Amino acid sequence: MGKERAKKYNHVTHYLKENGGSQVTLTFTQFDELLFPYSGLPVTARTDTDWWANDYKHPEKGAYGWLNAGYQVVQVNLEKEFIVFNKLLKSNGLFKESLS
């Protein structure tokens, strides 16, 4: 099941790599469209900010999708249903998070 989950979020990885600038905002609706053949975002993603953690250790969550594309989540808005990603600066050993 782990591989199937990782494959599910390849659509997110591909989207970010193809369309991403230094900052990308995606709505839950856009996620649902990207993940359509796999039935969209899980319910937990809509209700729990922990689901959006930039965490490789929990492949059942979506983090592989954006981390593999070189992005991290910098803002989660469950009320308005959108997520903001910033491109990781590979040249910079330490990632500076600016949550403005």
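All of the numbers you see were taken from the coordinates with simple rules; none came from a lab. Keep in mind it's a predicted model, so treat the numbers as computed, not measured.
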Note: V84 to S22 extended length (0.36 nm per residue) minus current alpha-carbon separation gives 21.3 nm
Of the listed pairs K8/K57; K7/K80; K7/K57; K57/K80, those with alpha carbons more than 20 Å apart are K7/K80; K57/K80
Binned at 5 Å from zero, the C-alpha pair distances of the stretch 1-91 give percents of 3, 15, 27, 30, 18, 6, 1, 0
In nanometres, the difference between 0.36 nm per residue of separation and the alpha-carbon distance of Q75 and E60 is 3.4 nm
